[in-house]
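Here's the structure we're looking at; comments come further down.
The values are calculated or read from the model by the stated rules, or taken from the named source; none is laboratory data. As the structure is a prediction and not an experimental result, all values here were calculated from the model. Using ideal geometry, Cβ is built from the backbone for each residue, glycine included, and neighbour counts are taken over all protein chains shown.
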Amino acid sequence: MMSKALIPLAVSAIVFFCLAMSFAQEDHARLDNYVFEKPAMPPALFDHDAHNEKAGIDDCAICHHVIENGKLSEFETSEDRPCVECHGLSPSAENAIALRRAYHLRCKGCHLDRESGPIMCGGCHSRGV
Amino acid sequence: MHELYMIVSGPMMWATCVVFSGGVIYQLGRLLRLLLRKERSLLSYMSLRYSLRSIAHWIIPFGTLNMRRNPLITLVSFSFHICLLIVPVFLTAHVVLWEEAWNISWSCLPGPVADGITLVVPAACIFFAWRRLRRPEVRFVSDPADFMFLVLVALPFLSGFYCCRHWPGYEVVMIVHIVSGQALLVSLPFTRLAHMILVWFTRSYMGSEFGAVRHARDY
């Protein structure tokens, strides 16, 4: 009798837990991937401020760089421009580092150099989180 | 994990490429040397036309009499070989790695399709193992190494499927995936898996002998 009475309680607890988890998922920031027509993977998890604080990145130009005449600009940065403006979607002679490659080289490359941060697909393109 | 990944995807991958390419060249050289030393007469009737005729019949599903007589093994065998070649080449995760390293890329399989055909390979391996155990004519020519090769072939695909799903602990499984793929490539030229390289010559020889000497079909 007692165990039957516990069933609705258990069901409610499970529903509440699932709802809480699904709302909690909204808190994870992801990179905007709107430029990719048919993205093969979920957008990468990336909380800009938390990431940079943890990685100790103060120099915006590490990611938001500007290349002029083949050289990294010392003074100019590109926070006001989308990455795709320079890194087009398709590689070409003028676009040596296409957008997907640019993201992977920038993120994974840095993580490998520092031996810290995700280096495999699911570390950033997480399906479940 | 970073260090391990760097080792398996760096020096170990280069070593794999060197051993694989060197092995393929060695096998071709060995074949040529044996041909010139022991079977030089074979050169007198080798025929491009009959070679290509034989290869064409054996590469097309149900293109030979024996394939038509055994539709199940034909279906499984062709599905297995096609998926075995398509998945590693056209999987998005692999193309991305080529793109990162060499700035080259090509079309990729849609995710659900890739998932499905990845599983065809281990499923076919289970079928081949069952066949080796149950069919007397196959059991007679099977030894433990044959079952080991089935595991070796299935492992990169099973581990790859696991990694694609991002299931728990997939980072470790990814290392298993890479290393098992490398083991497969390294063993390929030196084991019975070398039929990938040698089958073309086997068919050329059979096609030429049947076509140019016996005036018969080998399919």
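Summary table
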| quantity | calculated |
| --- | --- |
| Matching residues, region B:1-42, being of a type in the set (Ser, Thr, Tyr) and without any contact (Cβ under 8 Å) to a residue 60 or more places away in the chain | B:21, B:41 |
| Among (1) touching a helix residue (DSSP H, G or I) at 6+ places or on another chain (Cβ under 9 Å); (2) surrounded by fewer than 15 Cβ atoms within 10 Å (Cβ to Cβ); (3) over 30 Å from residue A:97 (Cα atoms), the one test that residue B:168 misses | (1) |
| Helices (runs of 4 or more DSSP H) contained in region B:89-176 and holding at least 1 residues farther than 24 Å from residue A:118 by Cα | B:111-134, B:136-139, B:144-164 |
| Filter pass, residue B:162 being within 14 Å of chain A (Cβ to nearest Cβ) and of a type in the set (Phe, Trp, Tyr) | yes |
| Pair list, Cβ < 6 Å and 6+ apart or interchain, from region B:45-57 residues that are more than 15 Å from residue B:215 (Cα to Cα) and surrounded by fewer than 19 Cβ atoms within 10 Å (Cβ to Cβ) to residues that are modelled with pLDDT under 95 and of a type outside the set (Lys, Arg) | B:57/B:63; B:57/B:64; B:57/B:219 |
| Helices (runs of 4 or more DSSP H) within region B:1-70 that include 3 or more residues within 23 Å of residue B:201 (Cα to Cα) | B:11-38, B:48-59, B:65-69 |
| First in region A:95-114 and facing chain B (nearest Cβ under 7 Å), second anywhere and surrounded by 15 or more Cβ atoms within 10 Å (Cβ to Cβ) and assigned to a helix (DSSP H, G or I), Cβ under 6 Å, 6 or more apart | A:101/B:99; A:104/B:100 |
| Residue that is modelled with the lowest pLDDT [pool: residues in region B:94-113 that are buried (at least 18 other Cβ atoms within 10 Å of the Cβ) and within 21 Å of the chain's Cα centre (by Cα)] | B:109 |
| Which listed residue is under 30 Å from residue A:109 (Cβ atoms) and away from every other protein chain (no Cβ under 14 Å), from B:88, B:136, B:110 | B:88 |
| Verdict on residue B:6 being of a type in the set (A, V, I, L, M, F, W, C) and within 14 Å of chain A (Cβ to nearest Cβ) | yes |
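Listed here are the residues, each with its yes/no results for (1) without any contact (Cβ under 8 Å) to a residue 24 or more places away in the chain; (2) under 18 Å from the mean Cα position of the chain (by Cα); (3) more than 11 Å from chain B (Cβ to nearest Cβ).
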position	(1), (2), (3)
A:33	yes, yes, yes
A:36	no, yes, yes
A:43	no, yes, yes
A:68	yes, no, yes
A:79	yes, yes, yes
A:85	yes, no, yes
A:88	yes, no, yes
